[in-house]
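K.L.:
Here it is, the structure in full.
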Amino acid sequence: MAMDARKQRILEAIVALYANDGEPVGSGLLANYFDMALSSATLRNEMAALTKLGLLEQPHTSAGRVPSPKGYRYYLDHLLEAPAAIALSAADRENIDRLFADMDVEPEKLAQSAARALADYTGCAAVATTPQAEDLCIAHFEVVQVGRYSAAVLAVTSAGGVRTRVARVDTGLTRDDAANLAQLLNRGLTFVAPQDLSPMLMASMVLAAGQRLAPVVMAAQALVTTGPQACLEGAQYLAKMADVRQNLGTLLEIFSDNEAATELIRPEGNKITATLGCDLDPAMPGACIVSKRYLAGGGLTGSVALIGSTRMEYERLLPILDYFAARMGQSMAGQGQ
């Protein structure tokens, strides 16, 4: 059975109507949507055909229809216009520009602020990652004495970002210790790729620093091997979505792991990627993740994503996500503030 233009219009309408109130869509409501251009009998026949194709589901015998996961997949892949083709309102554009104007440009703070702003603006959960590149490494270290027993290790990446980690030295730390450690780290660990951080290299660094200062060397090692950070904001919005709430614990567990979170929202190419919860492992029926890559210049890229119900308002939200990603890239590159 082929998907002709009429079936496509009906599927689009059911996706839109179901997004409005979460109630199964009947033929009468659908007839009103089409301003009575199609009869209820014709619509019932077409809905039955779409159900047979697996694109619609009927929750109860006497109820209307709802989109199935297969129906959402077809809608997202074939019927939804590219975000660039859907005009973002001038008000949305101005509001988003205003949000970014007030954000700190330090990568981790910017990712967290952008995720929080996107979540509050859309009513979905949002995730943003810090920018990363295959050849990103540490270009410079500083070691700062913090009290008598602690040292803050600051690392400046080759892209200009700053990473920090605090190490405790039980035997105490002097300013001379901090200065000598900074020299050691800059000699041995700058411009070293994470995969080249061998046990032999680290053993030689600890030997040179002395065992009592080994915690500072280990902190520096952690900064070299740190991958992109994923910032999740707006989990409270998921708690209000009946079809997502049951999977909230699983989602929070995944996003507590930077590597798993970054992989989950990694888009395919430069287009917005929509991942349905039923396609995840573990499966999370009712949830949907839409993600977009941003370009921060110098080969650096990151991701920004929305997490919500499969019945989210895609036509409204995807252009917002697309523009957020563009502004995110500009801000990460130090432009357009």
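The values are calculated or read from the model by the stated rules, or taken from the named source; none is laboratory data. Note that the coordinates shown come from a computational prediction; the quantities given were computed from them, not determined experimentally. Don't worry about glycine lacking a Cβ; one is built from the backbone with ideal geometry, like all the others, and counts go over all protein chains shown. What goes into the accessible areas is simple: the full protein's heavy atoms, side chains included, and nothing from ligands, DNA or RNA. Shrake-Rupley method; radii C 1.70, N 1.55, O 1.52, S 1.80 Å.
K.L.:
Here are some conditions: (1) open to solvent by less than 50 Å² (accessible area, probe 1.4 Å); (2) part of a helix (DSSP H, G or I); (3) among the hydrophobic types (A, V, I, L, M, F, W, C). Leu99 meets all but one. Which one does it not meet?
P.N.:
(1)
K.L.:
Could you tell me whether the stretch 15-35 includes any residue that is over 17 Å from Gln58 (Cα atoms) and among the hydrophobic types (A, V, I, L, M, F, W, C)?
P.N.:
If we filter the stretch 15-35 for residues that are over 17 Å from Gln58 (Cα atoms), which is where we start, we get 20, 31-35.
Applying the additional criterion that residues be among the hydrophobic types (A, V, I, L, M, F, W, C) yields 31, 34.
Yes, some residue in the stretch 15-35 is over 17 Å from Gln58 (Cα atoms) and among the hydrophobic types (A, V, I, L, M, F, W, C).
K.L.:
Pull out all pairs, ordered by first then second residue, where Cβ-Cβ is under 9 Å, the residues are six or more apart or on different chains, the first lies in the stretch 268-285 and is on the phi < 0 side of the Ramachandran plot and of a type outside the set (Ser, Thr, Tyr), and the second is in a loop (DSSP other than H, G, I, E, B) and open to solvent by 40 Å² or more (accessible area, probe 1.4 Å).
P.N.:
Lys271/Ala82; Ile272/Ala82; Leu276/Pro285; Gly277/Ala283; Gly277/Pro285; Cys278/Pro285; Met284/Gln246; Pro285/Gln246
K.L.:
Further question: Does Ala214 meet the test of being of a type outside the set (Val, Ile, Thr) and open to solvent by less than 50 Å² (accessible area, probe 1.4 Å)?
P.N.:
On the way: of a type outside the set (Val, Ile, Thr): yes; open to solvent by less than 50 Å² (accessible area, probe 1.4 Å): yes.
In short, yes.
K.L.:
For the stretch 288-314, how many residues are open to solvent by 10 Å² or more (accessible area, probe 1.4 Å), among the aliphatic types (A, V, I, L, M) and out of contact with any Pro (no Cβ under 6 Å at 6 or more places or on another chain)?
P.N.:
Selection size over the stretch 288-314: 2.
K.L.:
Which of the residues that make up the stretch 29-51 are under 35 Å from the mean Cα position of the chain (by Cα) and either open to solvent by 40 Å² or more (accessible area, probe 1.4 Å) or of a type in the set (Val, Ile, Thr) (or both)?
P.N.:
Within the stretch 29-51, Tyr33, Thr51 meet the criteria.
K.L.:
Grab the helices (runs of 4 or more DSSP H) fully contained in the stretch 221-286, keeping just those with 2 or more residues being over 30 Å from Gln195 (Cα atoms). Walk me through it before giving the result.
P.N.:
Details: elements: 235-238, 242-245, 248-255, 258-264.
In the stretch 221-286, the matching helices (runs of 4 or more DSSP H) lie at 235-238, 242-245, 248-255.
K.L.:
So, one more: Does Ser68 qualify as being modelled with pLDDT under 90 and small (Gly, Ala, Ser)? Let's see the steps before the verdict.
P.N.:
On the way: modelled with pLDDT under 90: no; small (Gly, Ala, Ser): yes.
Spelling it out, it is not the case that Ser68 is modelled with pLDDT under 90 and small (Gly, Ala, Ser).
K.L.:
Can you list the strands (runs of 3 or more DSSP E) lying wholly within the stretch 114-164 that have 1 or more residues being in contact with a strand residue (DSSP E or B) (Cβ under 9 Å, 6 or more places away or on another chain), modelled with pLDDT under 95 and open to solvent by 10 Å² or more (accessible area, probe 1.4 Å)? Let's see the steps before the verdict.
P.N.:
On the way: elements: 125-129, 138-146, 150-157.
Filter on the stretch 114-164 gives 138-146, 150-157.
K.L.:
Output the residue which, of all residues in the stretch 228-244 that are of a type outside the set (A, V, I, L, M) and modelled with pLDDT of 90 or more, is farthest from Ala114 (Cα to Cα).
P.N.:
If we filter the stretch 228-244 for residues that are of a type outside the set (A, V, I, L, M), which is where we start, we get 228-229, 231, 233-234, 236-237, 240, 243.
Among the residues that remain, those that are also modelled with pLDDT of 90 or more are: 231, 233-234, 236-237, 240.
Numbers: Cys231: 9, Glu233: 9, Gly234: 11, Gln236: 16, Tyr237: 16, Lys240: 21 Å.
Restricting to residues being of a type outside the set (A, V, I, L, M) and modelled with pLDDT of 90 or more, the top hit is Lys240.
K.L.:
Next up: Being open to solvent by 50 Å² or more (accessible area, probe 1.4 Å) and modelled with pLDDT under 90 is the filter; apply it to the stretch 6-28 and report the residue that is nearest to Arg65 (Cα to Cα).
P.N.:
The extreme case among them is Glu23.
Quick grid of which residues meet (1) charged (D, E, K, R); (2) closer than 23 Å to Leu238 by Cα; (3) not in a strand (DSSP E or B):
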| residue | (1), (2), (3) |
| --- | --- |
| Leu295 | no, no, no |
| Leu321 | no, yes, yes |
| Gly329 | no, no, yes |
| Gly334 | no, no, yes |
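K.L.:
Filter the stretch 165-204 down to residues that are over 17 Å from Val144 (Cβ atoms), more than 36 Å from the chain's Cα centre (by Cα) and touching a residue at least 12 places away in the same chain (Cβ under 8 Å) and give me whichever is surrounded by the most Cβ atoms within 10 Å (Cβ to Cβ).
P.N.:
Ser204
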